[in-house]
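These notes are about the structure you will find just below.
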Amino acid sequence: MTDMLEYPGRERDVFENVTLLDLADRLLHKGVVIGGDIVISVAGVDLVYVSLRALISSVETALERQLGEGIAFR
Amino acid sequence: MIYLYAAVDDPFRALRALGEPATGRYLVVQTGDLSFVGSYTDRPAPEASRSALADHSRCVQQLVDACAVVPFRFGTVIEGAGDLARRLGPRHTDIARLLPVFRGRVELALRARSGGGRQEAPKAASSGTAYLRALLTERSMAPELSQLHGVLTASAVAARADSDGGQIKAAYLVDRAGVEGFCDLVGRTAACLDGVSNVSVTGPWAPYSFVDETSQLSTSHGQ
């Protein structure tokens, strides 16, 4: 299971959102991209049709910002 | 429509790992010599909700525990095998090369901060060149983070790092059997470096950060 890993000297419970940040970082910013646009819906607002790189970048930024402010997405 | 999770080297093990055929949720799409795991969907635009991301991650995690996996980006939806073959293009060859490289390996993610004082890039500079030089200085990795990354890179099959000077966000491809040792190394190394703080390691992940490095990676560590 993907989770925070233990190692000597690591403080517990300090980085509670890190795993979720890394999850969003990987799924929305990395991984194989094939031809054609990816269309995803964000926070139930609108369907977002953007060229691939712009979409991924802005969504990741938005999600990280939300997480950074402690606001979980739905 | 089919929502794609990953390319896999062993579709039968992959489907078994996902509980098939009992659930009837997942399927394999074959194009050429490659197999891809997906699930039927009626949503051309998946919602990037917390639960959807977790669901995607859980599926890929189950796959990576069972076989070699090249993960897809969240939200990849295809019409069918023909559409996939058309959209893969040259990536077909890349994926075929990556699958054996990723076998038995996982990605670990590192985040760390430098406590040292960093000079901020000036809001105004005498010229564009001066501004860019100052920006470069600001974004260059702090020496202690660079040291940490250097030690970890030497123990990994491959590494990638982003830094804005005071913090590092890195990914390391490591042999699955070496995960525990790598985490120990992070702890020991960070403890020896003054100014390194807020160190976190997450994983093991599927190798999301290394899907574009076909030419740099080989099946043997250090080659």
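Structure values in brief
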item	result
Residue that is nearest to residue B:144 (Cα to Cα), among those in the range B:160-195 that are part of a strand (DSSP E or B), modelled with pLDDT of 90 or more and more than 9 Å from every other protein chain (Cβ to nearest Cβ)	B:168
Qualifying helices (runs of 4 or more DSSP H) (wholly inside the range B:37-121; at least 2 residues being closer than 24 Å to residue B:21 by Cβ and open to solvent by less than 40 Å² (accessible area, probe 1.4 Å))	B:50-64
Qualifying positions in the range B:150-159 - in contact (Cβ under 8 Å) with a residue 24 or more places away in the chain, in a helix (DSSP H, G or I) and open to solvent by 30 Å² or more (accessible area, probe 1.4 Å)	B:151
Top-ranked residue in the range B:196-216 [being under 19 Å from the mean Cα position of the chain (by Cα) and surrounded by fewer than 21 Cβ atoms within 10 Å (Cβ to Cβ); ranked as modelled with the highest pLDDT]	B:212
Sole residue being within 14 Å of chain A (Cβ to nearest Cβ) and under 30 Å from residue B:149 (Cα atoms), chosen from B:100, B:71, B:44, B:90	B:71
Within the range B:17-33, tally of residues that are more than 21 Å from residue A:27 (Cβ to Cβ), touching a strand residue (DSSP E or B) at 6+ places or on another chain (Cβ under 8 Å) and within 14 Å of chain A (Cβ to nearest Cβ)	0
Residue B:33 being under 14 Å from residue B:99 (Cα atoms), open to solvent by 30 Å² or more (accessible area, probe 1.4 Å) and out of contact with any Asp or Glu (no Cβ under 6 Å at 6 or more places or on another chain)	yes
Every residue from the range B:157-168 that is in contact with an Asp or Glu (Cβ under 9 Å, 6 or more places away or on another chain) and over 19 Å from residue B:194 (Cα atoms)	B:157, B:158, B:160
Residue check for residue B:80: in contact with a strand residue (DSSP E or B) (Cβ under 7 Å, 6 or more places away or on another chain) and more than 10 Å from chain A (Cβ to nearest Cβ)	yes
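The values are calculated or read from the model by the stated rules, or taken from the named source; none is laboratory data. Quick caveat, the model's predicted, so the values are computed rather than measured. As a convention, Cβ positions derive from the backbone with ideal geometry for all residues, glycine included, and neighbour counts pool all protein chains shown. These area figures cover heavy atoms from the full protein model, side chains too; ligands, DNA and RNA do not enter into them. Shrake-Rupley method; radii C 1.70, N 1.55, O 1.52, S 1.80 Å.
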